[in-house]
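Engineer: Below are the structure tokens for one structure; questions will follow.
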């Protein structure tokens, strides 16, 4: 008798056979992009006005927040507006990944119950959607940067590794929250409060250098604080990020990604009976 | 997890396709319709149970050979769909072992992965990719899928504008055009109008080749008797009988005390 192509046996806990899993994930990569595209289409981003809204929405948001800080702070300048725009756009990459990721598994119920595939594809698709929504805002941020007369330098190439860290963090958060939501469905209702808190606790409406050292020492527990600070230094001030800040952001991104992925992969075989 | 294009072996009639050994499936499911953190926190210390254990399959042993069309019958809750899901790798077994000797395609529900806001054409790609086909395979089979669905120009209209029959036709066409070694079908033949039902049935008959194994779940006993050359009967997760379709169906009907009626023959 020939060898079986696949054998299914009971599992207690732990990771699935990773080699086969990764091979299957790679084989299905076209589905991830097609699925993300269909999600974007559903949100009307396939039309001209939908694409325009992709740019207008973050612009209006940054306008509103600029007004807010101008009213509260009394003064403002072009650097502050540049900082607000750049960091807000990167923040929304993470927030949109969380929002899309939280229901990635529960809304993919039909797929999960009827097809065998690596479930991690669903939160990955949510992050791909968030990246597609982020890219036009990056162009807008650079245009605003030029219009405001903010400096340009080769140090801005640091944006590539910082963005990479942000994507790893967004991926880790989306994977983790999509899994938690299978067991506690009200997490999705709590998410707006979590993202709003992150928005106010992170250097978006203010620059990291402007807050007191007393408060700043607590920011070590905010996973995106130093990520956004690094992004601001690179994109607004055209300077290299502080190595410590980059290390902090990398540590959090990797930790969240590893913990989230391990938690997800060790639970995903349970999803079909939990939905 | 196997994809359709991973394997392309020749299988002779009689060679083993799926071996199920002492299969047991027990799962824990939430008692609450939607498990929430709030409910869990509220009941802390009260000792209230939040989950219940369901024994879906118990000690099922069977072999499916190439060239066989195996029908699975049983009442609701008998474990038919659970057995399909375990063989497909959707749910892991809690006891026993399953060996699969070929590529598996599942047709457990129609339109899996479809997005109503996209056109029929786009959904052919989306559904095909969800089923594990590659883009090149879908390109190659697109014309056949479109022709089988008989949608004509409507293939380029958004699927939200489709009638339920049109939706089902396209969904069946995408699923039925796949030609895996082992095809698992769960109640998917009762789609569309009478003409399309017959066409679907004929397609299933076309797929009955010596180098393929078909596993078919249905409440439509006439369809089972017509298509299958072997039938198993499940009851409350246990294998009750296995044998020739007419014999097992008669035994099942006697057990259920329904007799041979028109309603039990119909597609449901």
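The values are calculated or read from the model by the stated rules, or taken from the named source; none is laboratory data. These figures come from a predicted structure and were not determined experimentally. Cβ coordinates were reconstructed from backbone atoms using ideal geometry, including for glycine residues, and neighbour counts include every protein chain displayed.
Engineer: Might you let me know whether region A:169-189 holds any residue that is at pLDDT below 95, assigned to a helix (DSSP H, G or I), over 30 Å from residue B:82 (Cα atoms) and out of contact with any strand residue (DSSP E or B) (no Cβ under 7 Å at 6 or more places or on another chain)?
Structural biologist: yes
Engineer: Continuing with the same structure: When you go through A:258, A:215 one by one, which is the residue that is touching a residue at least 60 places away in the same chain (Cβ under 8 Å) and in a helix (DSSP H, G or I)?
Structural biologist: A:258
Engineer: Residues in region B:124-141 that are farther than 16 Å from residue A:25 by Cα, touching a helix residue (DSSP H, G or I) at 6+ places or on another chain (Cβ under 6 Å) and more than 7 Å from every other protein chain (Cβ to nearest Cβ): how many?
Structural biologist: 3
Engineer: Sticking with this structure for a sec: Restricting attention to region B:205-219, which residues are surrounded by fewer than 22 Cβ atoms within 10 Å (Cβ to Cβ) and in contact (Cβ under 8 Å) with a residue 12 or more places away in the chain?
Structural biologist: Listed by number, the residues that qualify are B:205, B:207, B:208, B:209, B:210, B:211, B:212, B:219.
Engineer: Can you name every residue in region A:7-22 that is without any contact (Cβ under 8 Å) to a residue 12 or more places away in the chain and outside any helix (DSSP H, G or I)?
Structural biologist: A:7, A:8, A:9, A:10, A:12, A:17 - these are the residues of region A:7-22 that are without any contact (Cβ under 8 Å) to a residue 12 or more places away in the chain and outside any helix (DSSP H, G or I).
Engineer: Moving on to the next point. Can you tell me which residue within region A:208-224, out of those that are closer than 21 Å to residue A:161 by Cβ and modelled with pLDDT of 90 or more, is surrounded by the most Cβ atoms within 10 Å (Cβ to Cβ)?
Structural biologist: If we take residues in region A:208-224 being closer than 21 Å to residue A:161 by Cβ and modelled with pLDDT of 90 or more, then A:224 is surrounded by the most Cβ atoms within 10 Å (Cβ to Cβ).
Engineer: Which condition breaks for residue B:150 when tested against (1) farther than 28 Å from residue A:40 by Cα; (2) crowded, with 21+ Cβ neighbours inside 10 Å; (3) at pLDDT below 90?
Structural biologist: (2) is the only condition that residue B:150 fails.
Engineer: Can you confirm whether residue B:203 is within 20 Å of residue A:33 (Cβ to Cβ), more than 10 Å from every other protein chain (Cβ to nearest Cβ) and in contact with a helix residue (DSSP H, G or I) (Cβ under 9 Å, 6 or more places away or on another chain)?
Structural biologist: Against the criterion (within 20 Å of residue A:33 (Cβ to Cβ), more than 10 Å from every other protein chain (Cβ to nearest Cβ) and in contact with a helix residue (DSSP H, G or I) (Cβ under 9 Å, 6 or more places away or on another chain)), residue B:203 does not qualify.
Engineer: Is there a residue in region A:49-68 that is within 14 Å of chain B (Cβ to nearest Cβ) and either surrounded by fewer than 18 Cβ atoms within 10 Å (Cβ to Cβ) or under 23 Å from residue A:105 (Cβ atoms) (or both)?
Structural biologist: yes
Engineer: Taking region A:170-198 on its own, how many of its residues are surrounded by fewer than 19 Cβ atoms within 10 Å (Cβ to Cβ) and more than 14 Å from chain B (Cβ to nearest Cβ)?
Structural biologist: 4
Engineer: Sticking with this one: Report, by residue number, each residue of region B:91-130 that is under 15 Å from the mean Cα position of the chain (by Cα) and modelled with pLDDT of 90 or more.
Structural biologist: The answer is B:91, and nothing else.
Engineer: Something else about it: Would a scan of region A:78-89 turn up a residue that is under 18 Å from residue A:228 (Cα atoms), without any contact (Cβ under 8 Å) to a residue 40 or more places away in the chain and either touching a helix residue (DSSP H, G or I) at 6+ places or on another chain (Cβ under 8 Å) or in a loop (DSSP other than H, G, I, E, B) (or both)?
Structural biologist: Scanning region A:78-89 turns up no residue that is under 18 Å from residue A:228 (Cα atoms), without any contact (Cβ under 8 Å) to a residue 40 or more places away in the chain and either touching a helix residue (DSSP H, G or I) at 6+ places or on another chain (Cβ under 8 Å) or in a loop (DSSP other than H, G, I, E, B) (or both).
Engineer: Of the numbered conditions (1) free of Cβ contacts under 8 Å to residues at least 40 places away in the same chain; (2) within 7 Å of chain A (Cβ to nearest Cβ), residue B:108 satisfies every one except a single condition; which is it?
Structural biologist: (1)
Engineer: Moving to a separate point now. Among B:121, B:97, which is within 7 Å of another protein chain (Cβ to nearest Cβ) and surrounded by fewer than 24 Cβ atoms within 10 Å (Cβ to Cβ)?
Structural biologist: B:97
Engineer: Among the candidates B:13, B:52, B:46, which residue alone is at pLDDT below 95 and under 22 Å from residue A:105 (Cα atoms)?
Structural biologist: B:52
Engineer: Same structure, new question: Looking at region A:23-40, is at least one residue more than 11 Å from every other protein chain (Cβ to nearest Cβ), without any contact (Cβ under 8 Å) to a residue 60 or more places away in the chain and surrounded by 13 or more Cβ atoms within 10 Å (Cβ to Cβ)?
Structural biologist: no
Engineer: Looking only at residues in region A:1-19 that are on the phi < 0 side of the Ramachandran plot and more than 7 Å from chain B (Cβ to nearest Cβ), which one is surrounded by the most Cβ atoms within 10 Å (Cβ to Cβ)?
Structural biologist: Among residues in region A:1-19 that are on the phi < 0 side of the Ramachandran plot and more than 7 Å from chain B (Cβ to nearest Cβ), the one surrounded by the most Cβ atoms within 10 Å (Cβ to Cβ) is A:16.
Engineer: Another one. So, of the residues in region A:98-123 that are in a loop (DSSP other than H, G, I, E, B) and under 20 Å from the mean Cα position of the chain (by Cα), which turns out to be surrounded by the fewest Cβ atoms within 10 Å (Cβ to Cβ)?
Structural biologist: Per the criteria, the residue is A:103.
Engineer: Yes or no: region A:53-61 includes at least one residue that is closer than 30 Å to residue B:184 by Cα and assigned to a helix (DSSP H, G or I).
Structural biologist: No, every residue in region A:53-61 fails to be closer than 30 Å to residue B:184 by Cα and assigned to a helix (DSSP H, G or I).
Engineer: Can you tell me how many residues within region B:63-82 are away from chain A (no Cβ under 12 Å) and buried (at least 18 other Cβ atoms within 10 Å of the Cβ)?
Structural biologist: 12
Engineer: Continuing with the same structure: Is one or more of the residues making up region A:30-42 in a helix (DSSP H, G or I) and under 30 Å from residue B:63 (Cα atoms)?
Structural biologist: no
Engineer: Only one of these is surrounded by fewer than 17 Cβ atoms within 10 Å (Cβ to Cβ) and within 26 Å of residue A:122 (Cα to Cα): A:275, A:227, A:265. Name it.
Structural biologist: None of the other options fit; the residue is A:275.
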